[in-house]
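Colleague: Let me begin by handing over the structure; questions about it come next.
The values are calculated or read from the model by the stated rules, or taken from the named source; none is laboratory data. Predicted, not measured: the structure shown is a model, and the values here were computed from it. Here the Cβ is made from the backbone with ideal geometry for all residues, glycine too, and neighbour counts use every protein chain on show.
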Amino acid sequence: MCPLAAAAALAAATAAAALAAAGCGGGSKGDGTPDAGPIVLTGPVQIDVNADPAEHLSDYQLFTFDAQTGFQFNDRVVPYDINTPLFSDDALKQRAIYIPPGAAATFDPENALDFPVGSALIKTFYFAPDLRAPADRPALVETRLMVRHDDGWHPLPYIWDAEQHDAVFSPAGEVRAISFLDATGAPQTANYLIPERNQCQSCHAEQDSVGAPINLVLIGVKARHLNRAYDYGGTTGLVNQLDHLTALGMLTGAPAAATLPAAYDFRPIEAMGPSIVAPADLDTAARSYLDINCAHCHNPHGVQGMTSQLFLDHTNTDLFHLGVCKRPGSAGVGNGGLTFDIVPGSPDMSILYFRDDTTKVGAIMPLLGRSLTHTSGAALLHDWIAAMPADACDMAPSQ
Amino acid sequence: MQATRFAVLGVRLGLGLGLGVMLATGCGDNKDDGDAAFAVNSCKAVTGTCMEITSGNDTALQTAANTIDASTTLVLGAGTFKMTNQLTLRTAGAHVIGQGIDKTTLDFGSTTTQGNGVDAIGDDFVIQDVTVLDAPKDGIRVEATNGVTFRRIRATWTKAGDASNGAYGIYPVKSQNVLVVDSQAENASDAGLYVGQCQHVIVRGNHVTGNVAGLEIENTEYADVYNNEADNNTGGIVVFDLPGNPIVGRDIRLRDNMIHDNNHDNFASGGTVASIPVGTGTFAMASRRVEITGNTYSNNGTGDIALISGLALEPDTTQWTLPVATVTGDYQDLGLPAGAAAGTIMNFRGQNILVSGNHHTGSGTAPDLDDPLHIGLLLAASYQSAPVDSVIYDSIMESMFNSTDAAKNTDDNHMCVGGNTEGTFASLDLMAQSAPPFTPFFRPAAPFAPFDCTALDGGAVAQVTLPQDTPQ
């Protein structure tokens, strides 16, 4: 028997053992079940929307990972990146799209691309000991799947085992202290949140109006975020992501990417700070940052963000709902002793900047996924508010 | 439907990581009927899917909460659950039931990640017989849910008067058919019991103490708040609208509550409640169709009842302007002023409020001299050593104000205090009081003409009934 087949047989045997044990507990790795070794791709992706969540990520056959060679994706699994990413305590992220054979996503100029049933979004969060050398000893923490069912998106969280061989379905989540050197070489320890499954809805839930049904939605896979080049390697090389998906037949209805708007590319700011942003681009850069980091809740359809009436989506043009001289509805300790969400010209008087900069539990924004300050992101918002024409906002009459 | 009894024995069997629920459905031992950990509440009394979860490690509870089907009851055993993350529920018909507030505790004191204590969205939610302790943010937040019951629960923080405590203890928001009964909220750095942007609410028999604001009803319509006790807060029970929230507060009854000794230091870190003067009994701000009746007020240092326009907090009327297309609930019959833009209304006005039959003793003798809006200072300067009147009205938007002649005052806002046999009343021209010397207050004798009306325009506030408010 060749080594690959042996590994596959071992994997199958392990899966069978796990299934046999599942009825009465045990069976997950770490309980004494033989380790199947790293994920081996033995055939096409296996996504069955009628099945229960797989116990192991390997069952889906989406990708393999090796600390030396990185991620290898199965057929029809296409990696991607976005222009301004969500900050998640400096976690590195590998994102990918799976679309079943014979199907394609449909372009949308504003909202997320519309994916066919059976598709999956795959996002793996990992760290390296020194983020100045992210390819050196990467350690996977979790892989989050969103799988498209007939009735919408279903979130499936998986946590990687200590051996980095496979990830286990983990609806309860975990809070894990993770230490690393950040991109400046400074030591950091994040109280990193691997969300509970229900916490997926903290960011991925929208409704048309109060009382309407709640739908799970995607955040990053919008044309403006995807409109950038990605180095696919091999003969494909550096190609625009939207054009590439179209060329693969996995996206229909998309105009040529060069004709479409793109969100601001945050990478230069991450490397150099917001001072490299041209003054004319400051608003665009900041609004792109707010759009991806905040607007999943803070939009008129965000189930939790709706409560605040603070709308940070890139389409909002109403200054009050953008936070200008707006009193927060129910920020509690999140107001940091301040009165208005944004005091134009005065970032240090603005709750929006305070909450994005602080590491005080109870006051941090975004609500989930950040325990450290995103220094370059907070600095961008600081500069954006500072550049607004100064307005002290009306204080109460007796002050 | 036959009751099914499952047991998640995570801690006891030393198992229960990822497979806790499968274990429970397949092979969990049924509880011994005499199990002391489930002596008060158990799955025996539950119709439908039910799981009993033993205290200790929170993993079994988290696994259950994140995998249950709709209409599942989680019965928590006696003891303490040491929580590392918020308990998140996103399933319709999720009921979380402990063994009593002194027996079952969800303890978030060692949680290092940001979150609430219990965070629920999903219609027909019930939480009962449990204490939620030291949540990083809100104690129990229930949002966007039709059918919410808080019964015999307590939300509290260990350290009294600490600005780093969570904001809200019991916090239903943007929800419909909300019942909060026989519960306790303590030591919240904002509001202990906070009903925000809700419709059809009963708040009954609760005790709120040691909070900045004891009990708040915000941008809420059809709420009946009665038989509650509010003491040792900065402010006792308050009703208000905030600018920009798309539901217009209306039809609220505060009746037969005990509101006393609310003289706690204001330890809010900021926000609207940081403006509440120490020693406030009740205020109604930017509110309409409110009845404040039969309550017992005593020993609130600044004063018992204030009727305030929203402009006293936020003078910019554009901030109070709501496009009608975005407004939830009933507002058409309220005669709200139109905003400058077409298709908008404004809800800053305080109007059509009944204050009647309340009892007043010992309040208004020590106005707060340090509140940021200088309300206490104004009262202290105006009353000198005399106690502040029981009911104070700011007269904003009245066409006439005169401090001595009743005939030269109007009651355009239909503020009705004629039904009080105890206590005193005064109105003031708040907008003219920006700096000393202050103009004198108008202090009529009972029945306080022209504010001597005894009924709301449009009829009394109707009784609220809720489908889940059945005898327990």
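Colleague: Please go through (1) modelled with pLDDT under 95; (2) on the phi > 0 side of the Ramachandran plot for B:Gly93 and return the number of the only condition it doesn't satisfy.
Modeller: Of everything listed in (1) modelled with pLDDT under 95; (2) on the phi > 0 side of the Ramachandran plot, B:Gly93 misses just condition (1).
Colleague: Next up: Which residues, taken from segment B:205-229, are more than 11 Å from the chain's Cα centre (by Cα) and charged (D, E, K, R)?
Modeller: B:Glu221, B:Asp224, B:Glu229
Colleague: Working carefully through the options B:Val195, B:Val239, find the one that is within 13 Å of chain A (Cβ to nearest Cβ) and among the β-branched types (Val, Ile, Thr).
Modeller: Values: B:Val239 fails: within 13 Å of chain A (Cβ to nearest Cβ).
Testing whether each residue is within 13 Å of chain A (Cβ to nearest Cβ) and among the β-branched types (Val, Ile, Thr) leaves just B:Val195.
Colleague: So which residues in segment A:49-71 are within 18 Å of A:Ile97 (Cβ to Cβ) and either modelled with pLDDT of 95 or more or surrounded by 15 or more Cβ atoms within 10 Å (Cβ to Cβ) (or both), if there are any at all? Lay out the reasoning, then the answer.
Modeller: Going through segment A:49-71, the residues within 18 Å of A:Ile97 (Cβ to Cβ) turn out to be A:49, A:57, A:60-65, A:70-71.
Residues satisfying the conditions are A:Val49, A:Leu57, A:Tyr60, A:Gln61, A:Leu62, A:Phe63, A:Thr64, A:Phe65, A:Phe71.
Colleague: Is it the case that A:Thr252 is of a type outside the set (A, V, I, L, M, F, W, C) and either under 29 Å from A:Ala96 (Cα atoms) or away from chain B (no Cβ under 14 Å) (or both)? Outline the logic, then answer.
Modeller: On the way: of a type outside the set (A, V, I, L, M, F, W, C): yes; either under 29 Å from A:Ala96 (Cα atoms) or away from chain B (no Cβ under 14 Å) (or both): yes.
It is true that A:Thr252 is of a type outside the set (A, V, I, L, M, F, W, C) and either under 29 Å from A:Ala96 (Cα atoms) or away from chain B (no Cβ under 14 Å) (or both).
Colleague: Right, something else. May I ask you to list the residues in segment B:248-275 that are surrounded by 23 or more Cβ atoms within 10 Å (Cβ to Cβ), modelled with pLDDT under 95 and among the hydrophobic types (A, V, I, L, M, F, W, C)?
Modeller: B:Ala268, B:Val273 - these are the residues of segment B:248-275 that are surrounded by 23 or more Cβ atoms within 10 Å (Cβ to Cβ), modelled with pLDDT under 95 and among the hydrophobic types (A, V, I, L, M, F, W, C).
Colleague: All but one of (1) surrounded by fewer than 19 Cβ atoms within 10 Å (Cβ to Cβ); (2) at pLDDT 95 or above; (3) small (Gly, Ala, Ser); (4) under 28 Å from B:Ala65 (Cβ atoms) hold for A:Ser209; state the number of the condition that does not hold.
Modeller: Tallying (1) surrounded by fewer than 19 Cβ atoms within 10 Å (Cβ to Cβ); (2) at pLDDT 95 or above; (3) small (Gly, Ala, Ser); (4) under 28 Å from B:Ala65 (Cβ atoms), A:Ser209 fails exactly one: (2).
Colleague: Sticking with this structure for a sec: Select from segment B:95-151 the residues that are more than 10 Å from every other protein chain (Cβ to nearest Cβ) and of a type in the set (D, E, K, R) and write down the one among them that is surrounded by the fewest Cβ atoms within 10 Å (Cβ to Cβ).
Modeller: Among residues in segment B:95-151 that are more than 10 Å from every other protein chain (Cβ to nearest Cβ) and of a type in the set (D, E, K, R), the one surrounded by the fewest Cβ atoms within 10 Å (Cβ to Cβ) is B:Asp102.
Colleague: Considering only residues that are buried (at least 20 other Cβ atoms within 10 Å of the Cβ) and within 20 Å of A:Asp75 (Cβ to Cβ), which ones fall in segment A:245-264? Full working, then the answer.
Modeller: Quick first cut of segment A:245-264, residues buried (at least 20 other Cβ atoms within 10 Å of the Cβ) only: A:245-246, A:250-251, A:254, A:257, A:263-264.
Once the filter is applied, which keeps residues that are buried (at least 20 other Cβ atoms within 10 Å of the Cβ) and within 20 Å of A:Asp75 (Cβ to Cβ), segment A:245-264 yields A:Leu245, A:Thr246, A:Met250, A:Leu251.
Colleague: Would you check if there is a residue in segment B:333-351 being within 11 Å of chain A (Cβ to nearest Cβ), touching a Lys or Arg at 6+ places or on another chain (Cβ under 9 Å) and among the small types (Gly, Ala, Ser)? Please lay out each step first, then the result.
Modeller: As a first pass, look at segment B:333-351 and keep what is within 11 Å of chain A (Cβ to nearest Cβ): none.
For segment B:333-351, residues within 11 Å of chain A (Cβ to nearest Cβ), touching a Lys or Arg at 6+ places or on another chain (Cβ under 9 Å) and among the small types (Gly, Ala, Ser): absent.
Colleague: Among the residues of segment B:152-172, how many are at the interface with chain A (Cβ under 9 Å from one of its Cβ atoms), hydrophobic (A, V, I, L, M, F, W, C) and buried (at least 24 other Cβ atoms within 10 Å of the Cβ)? Show your work before the answer.
Modeller: Filtering segment B:152-172 down to residues at the interface with chain A (Cβ under 9 Å from one of its Cβ atoms) leaves B:163-168, B:171.
After this cut, where a residue has to be hydrophobic (A, V, I, L, M, F, W, C) as well, the list is B:163, B:167.
Still in the running and buried (at least 24 other Cβ atoms within 10 Å of the Cβ): B:167.
Final tally of qualifying residues: 1.
Colleague: Shifting gears a bit: Determine the pairs where a residue that is farther than 19 Å from A:Pro138 by Cα, located within segment A:68-94, has a partner that is of a type in the set (Phe, Trp, Tyr) and assigned to a loop (DSSP other than H, G, I, E, B) with Cβ atoms under 6 Å apart, the partner being 6 or more residues away or on another chain.
Modeller: Within 6 Å, the pairs are A:Thr84/A:Tyr264; A:Thr84/A:Phe266.
Colleague: Among residues belonging to segment B:85-110 that are outside any strand (DSSP E or B) and touching a Ser or Thr at 6+ places or on another chain (Cβ under 6 Å), point out the one that is nearest to B:Thr63 (Cα to Cα).
Modeller: Keep residues of segment B:85-110 that are outside any strand (DSSP E or B), which gives B:85-86, B:90-94, B:98-103, B:108-110.
Imposing the further condition that a residue be touching a Ser or Thr at 6+ places or on another chain (Cβ under 6 Å) reduces the set to B:85, B:93, B:98, B:101.
Numbers: B:Asn85: 12, B:Gly93: 17, B:Gly98: 17, B:Ile101: 23 Å.
Result: B:Asn85.
Colleague: Of the residues A:Val175, A:Val168, A:Val210, only one is within 11 Å of chain B (Cβ to nearest Cβ), more than 25 Å from B:Thr111 (Cα to Cα) and β-branched (Val, Ile, Thr); which? Walk me through it before giving the result.
Modeller: Values: A:Val175 fails: more than 25 Å from B:Thr111 (Cα to Cα); A:Val168 fails: more than 25 Å from B:Thr111 (Cα to Cα).
That would be A:Val210, the only listed residue that is within 11 Å of chain B (Cβ to nearest Cβ), more than 25 Å from B:Thr111 (Cα to Cα) and β-branched (Val, Ile, Thr).
Colleague: Moving on to the next point. (1) aliphatic (A, V, I, L, M); (2) buried (at least 24 other Cβ atoms within 10 Å of the Cβ); (3) out of contact with any helix residue (DSSP H, G or I) (no Cβ under 8 Å at 6 or more places or on another chain); (4) more than 22 Å from B:Arg288 (Cβ to Cβ): which one isn't true of B:Ala223, the others all being true?
Modeller: (4)
Colleague: A:Pro344 versus (1) within 23 Å of B:Gly139 (Cα to Cα); (2) part of a loop (DSSP other than H, G, I, E, B): which is the lone unmet condition?
Modeller: Evaluating A:Pro344 over (1) within 23 Å of B:Gly139 (Cα to Cα); (2) part of a loop (DSSP other than H, G, I, E, B) leaves (1) as the failure.
Colleague: I would also like to ask the following. Conditions first: (1) away from chain B (no Cβ under 14 Å); (2) touching a helix residue (DSSP H, G or I) at 6+ places or on another chain (Cβ under 9 Å). A:Asp231 passes all but one, so which condition is the exception?
Modeller: (2)
Colleague: Across segment B:173-192, which residue is nearest to B:Asn219 (Cα to Cα) among those that are facing chain A (nearest Cβ under 7 Å) and of a type in the set (D, E, K, R)?
Modeller: Among them, the one singled out is B:Lys174.
Colleague: When A:Arg137 is evaluated against the numbered criteria (1) within 12 Å of chain B (Cβ to nearest Cβ); (2) more than 21 Å from B:Arg90 (Cβ to Cβ), which criterion, by number, is the only one it fails?
Modeller: So the condition that A:Arg137 fails would be (1).
Colleague: Restricting to segment A:310-337, give me the number of residues that are at pLDDT below 90 and either at the interface with chain B (Cβ under 7 Å from one of its Cβ atoms) or surrounded by fewer than 24 Cβ atoms within 10 Å (Cβ to Cβ) (or both).
Modeller: 10
Colleague: Out of B:Asn227, B:Asn245, B:Asn263, which single residue is within 14 Å of chain A (Cβ to nearest Cβ) and out of contact with any Cys (no Cβ under 6 Å at 6 or more places or on another chain)? Before the answer, list the steps.
Modeller: Details: B:Asn227 fails: within 14 Å of chain A (Cβ to nearest Cβ); B:Asn263 fails: within 14 Å of chain A (Cβ to nearest Cβ).
On inspection, the qualifying residue turns out to be B:Asn245.
Colleague: Could I ask something else about it? Considering each of B:Tyr297, B:Tyr331 in turn, give the residue that is of a type in the set (Phe, Trp, Tyr) and over 21 Å from the mean Cα position of the chain (by Cα). Let's see the steps before the verdict.
Modeller: Details: B:Tyr297 fails: over 21 Å from the mean Cα position of the chain (by Cα).
On inspection, the qualifying residue turns out to be B:Tyr331.
Colleague: For the structure I just gave you, tell me whether A:Asn240 is away from chain B (no Cβ under 14 Å), touching a Lys or Arg at 6+ places or on another chain (Cβ under 8 Å) and among the polar types (S, T, N, Q).
Modeller: Numbers: away from chain B (no Cβ under 14 Å): yes; touching a Lys or Arg at 6+ places or on another chain (Cβ under 8 Å): yes; among the polar types (S, T, N, Q): yes.
It is true that A:Asn240 is away from chain B (no Cβ under 14 Å), touching a Lys or Arg at 6+ places or on another chain (Cβ under 8 Å) and among the polar types (S, T, N, Q).
Colleague: Of all residues in segment B:144-164, which are small (Gly, Ala, Ser) and outside any strand (DSSP E or B)? Can you show your working first?
Modeller: Initially, segment B:144-164 is screened for residues small (Gly, Ala, Ser), giving B:144, B:147, B:155, B:160-161, B:163-164.
Once the filter is applied, which keeps residues that are small (Gly, Ala, Ser) and outside any strand (DSSP E or B), segment B:144-164 yields B:Ala144, B:Ala160, B:Gly161, B:Ala163, B:Ser164.
Colleague: Additional query: Among the residues of segment B:278-298, are any in a helix (DSSP H, G or I) and more than 25 Å from B:His414 (Cβ to Cβ)?
Modeller: Filtering segment B:278-298 down to residues in a helix (DSSP H, G or I) leaves none.
The answer is no; no qualifying residue exists.
Colleague: Going through segment B:302-360 one residue at a time, which ones are in contact with a helix residue (DSSP H, G or I) (Cβ under 6 Å, 6 or more places away or on another chain), closer than 18 Å to B:Ser390 by Cα and surrounded by fewer than 18 Cβ atoms within 10 Å (Cβ to Cβ)?
Modeller: Those that are in contact with a helix residue (DSSP H, G or I) (Cβ under 6 Å, 6 or more places away or on another chain), closer than 18 Å to B:Ser390 by Cα and surrounded by fewer than 18 Cβ atoms within 10 Å (Cβ to Cβ): none in segment B:302-360.
Colleague: Could you grab me the full set of residues in segment B:111-143 that are of a type outside the set (A, V, I, L, M, F, W, C) and either assigned to a strand (DSSP E or B) or touching a helix residue (DSSP H, G or I) at 6+ places or on another chain (Cβ under 9 Å) (or both)? Before the answer, list the steps.
Modeller: First, pick out the residues of segment B:111-143 that are of a type outside the set (A, V, I, L, M, F, W, C): B:111-117, B:119, B:122-124, B:128-129, B:131, B:134, B:136-139, B:141, B:143.
The answer is B:Gly115, B:Asp119, B:Gln128, B:Asp129, B:Thr131, B:Lys137, B:Asp138, B:Arg141, B:Glu143.
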